[in-house]
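Novice: Below you will find the structure I want to go over with you.
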Amino acid sequence: MKKLLIFFPVFFISLNLLSQAPQGISYQAVIRDSDKELVSESTVGIRVAIISESPEGTEVYAEEHSVQTNMNGLVSLVIGQGNVVSGNFEEIDWSQGQYFISTATDISGGTNYEILSTTQLLSVPYALFAEKAATSEDAFSGDYEDLENAPDLSLFATKDMQNENITNLADPQDEQDAVTKSYVDNLIDQLRDRVQALEDTLGIGPPPVEDIDGNVYETVRIGNQLWMAENLRVTHYKSGEPIPNLADKEAWADSNSDGFAWYDNDFETWGEDYGALYNWHAVIHEDGLCPEGWTPAKEADWVELINFIDPDSDPTNWPESAIAGGELKSTRTEPDDDHPRWESPNLGATDEYGFSALPGGWRASGGLFHAIGVTGYWWSATQGGTGAWYRSMVHENPALWRSGANFSAGMSVRCIKPAN
């Protein structure tokens, strides 16, 4: 006979105090045999016991179930609503010590239980205890004097406030009033709006930023975010340590640590215009890739940016947005002879917000370079997908895509200044 394995137990509390429905703990498990094959669409017998103090402690309650697995080998039952073997589930005092759930299973559907697993119950079932506590005659009355061993707080409450108490949080009027976070956030938003209006009136934007190598980047405010308006091209971390230039194809392919490269290893032709291509190890390096006070854009930063441009965007869609690529792309296009630019047709490109996205191409994990002038790829400093998330745009579509790539791929980087 094949032995049985139980994986992934999941517990939930099921209470209905108003209608006085039976109490219970929902339990799910995936059933596999000794060959790790799913036991699908079969009737199995399960004996469940509640044990106190330790896995080898006293059995305070036991019941049996005959349940059907689904096509994925999953069984679902409610502990406390099976055929009772011993004890009373509703009389278990959950406040007394630790409890464990022990499950024994018969793959044939009978009661010849062979395999035993024991799982400690942590915080979930104590909602049952809370129900009893809420109706207990011994429940806390709300009077501080009723507490046992209560500390004497009078030592900390002797200052004469002379009517300087806090009177308002949402609309502070007096000097001693505190404020809520939402109140402060609202003031910050108002200040940003005023700064934006002043910049628009004067025809200026936010100031440029300089990296440790002396490269200067234009910046742009989009919504509540401050972005670089150019791809990063720094070759040193802000600590002063050089970022390894993995020019050799084999060196790039074999590396599991930080590095960067210029497209086709040709800085003179491509580097100044399109920036560098960094692997993800460099993006998240502890010494910091971006200028002081700036960070590589994280997943939440990209989502906020794209949702500001396109409220209908969804990072789980493909593409994430049907229009955001066009509104972020630079309008520079062939047949201009000068780089940087997009190949024609540069569909949907308006550069509506001054982000000026340019197609720096990418470097594959194997070390080959691809798609400059055709496609732009930008890292997100957040793990996801098959390695880490990135965003991409192409010359022939106004959409913007989100996907995951191997950590050793080489892509462009945009830095963002986190809001204070």
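Novice: On the basis of being of a type outside the set (V, I, T) and either exposed (fewer than 15 other Cβ atoms within 10 Å of the Cβ) or not assigned by TED's automatic domain parsing to the domain that holds P340 (or both), does E272 make the cut?
Specialist: yes
Novice: Ok, one more. Quick test for you: out of S313, S392, pick the one residue that is crowded, with 18+ Cβ neighbours inside 10 Å, among the polar types (S, T, N, Q) and in a strand (DSSP E or B).
Specialist: S392
Novice: List, please: which pairs have Cβ atoms under 6 Å, are six or more places apart or on different chains, and start with a residue in segment 323-339 that is assigned by TED's automatic domain parsing to the domain that holds M393 and acidic (D, E) and end with one that is at pLDDT 75 or above and part of a loop (DSSP other than H, G, I, E, B)?
Specialist: Pairs that qualify, where the first residue is assigned by TED's automatic domain parsing to the domain that holds M393 and acidic (D, E) and the partner is at pLDDT 75 or above and part of a loop (DSSP other than H, G, I, E, B), are E327/T350; E327/E352; E334/E343; E334/S344.
Novice: Cβ-Cβ under 8 Å, sequence separation 6+ or interchain: first residue in segment 216-242 and part of a strand (DSSP E or B), partner surrounded by fewer than 17 Cβ atoms within 10 Å (Cβ to Cβ) and among the polar types (S, T, N, Q). Which pairs?
Specialist: Once the first residue is part of a strand (DSSP E or B) and sits in segment 216-242, its partners that are surrounded by fewer than 17 Cβ atoms within 10 Å (Cβ to Cβ) and among the polar types (S, T, N, Q) give R221/Q196.
Novice: On the phi < 0 side of the Ramachandran plot, of a type in the set (V, I, T) and touching a Pro at 6+ places or on another chain (Cβ under 9 Å): does that describe I323?
Specialist: yes
Novice: Pull out all pairs, ordered by first then second residue, where Cβ-Cβ is under 7 Å, the residues are six or more apart or on different chains, the first lies in segment 77-102 and is surrounded by fewer than 17 Cβ atoms within 10 Å (Cβ to Cβ), and the second is in a loop (DSSP other than H, G, I, E, B) and not hydroxyl-bearing (S, T, Y).
Specialist: E90/Q23; G97/E53; Q98/E53
Novice: Does at least one position in segment 329-337 carry a residue that is assigned to a loop (DSSP other than H, G, I, E, B), more than 26 Å from the chain's Cα centre (by Cα) and surrounded by 16 or more Cβ atoms within 10 Å (Cβ to Cβ)?
Specialist: Yes, segment 329-337 contains at least one residue that is assigned to a loop (DSSP other than H, G, I, E, B), more than 26 Å from the chain's Cα centre (by Cα) and surrounded by 16 or more Cβ atoms within 10 Å (Cβ to Cβ).
Novice: Let me ask you something else. Looking only at segment 49-69, filter to residues that are within 18 Å of G110 (Cα to Cα) and under 36 Å from the mean Cα position of the chain (by Cα); which one of those is surrounded by the most Cβ atoms within 10 Å (Cβ to Cβ)?
Specialist: By that ranking, first place goes to T69.
Novice: Here's a follow-up. Only residues that are under 17 Å from Y377 (Cα atoms) and free of Cβ contacts under 8 Å to residues at least 40 places away in the same chain: list them for segment 273-304, please.
Specialist: A282, V303
Novice: For the subset of segment 359-373 comprising residues that are touching a residue at least 60 places away in the same chain (Cβ under 8 Å) and not in a loop (DSSP other than H, G, I, E, B), which member is surrounded by the fewest Cβ atoms within 10 Å (Cβ to Cβ)?
Specialist: So, considering only residues that are touching a residue at least 60 places away in the same chain (Cβ under 8 Å) and not in a loop (DSSP other than H, G, I, E, B), the one surrounded by the fewest Cβ atoms within 10 Å (Cβ to Cβ) is F369.
Novice: Here are some residues: A399, A381. Which one is assigned to a strand (DSSP E or B), closer than 30 Å to E250 by Cβ and among the hydrophobic types (A, V, I, L, M, F, W, C)?
Specialist: A381
Novice: Return yes when L368 is under 13 Å from G325 (Cβ atoms) and either of a type in the set (A, V, I, L, M) or out of contact with any Gly (no Cβ under 8 Å at 6 or more places or on another chain) (or both) and no when it is not.
Specialist: Against the criterion (under 13 Å from G325 (Cβ atoms) and either of a type in the set (A, V, I, L, M) or out of contact with any Gly (no Cβ under 8 Å at 6 or more places or on another chain) (or both)), L368 does not qualify.
The values are calculated or read from the model by the stated rules, or taken from the named source; none is laboratory data. This structure is a prediction, so every number in the text was calculated from the model and none was measured. A quick note on method: Cβ atoms are made from the backbone with ideal geometry, for glycine too, and the neighbour counts reach across all protein chains shown.
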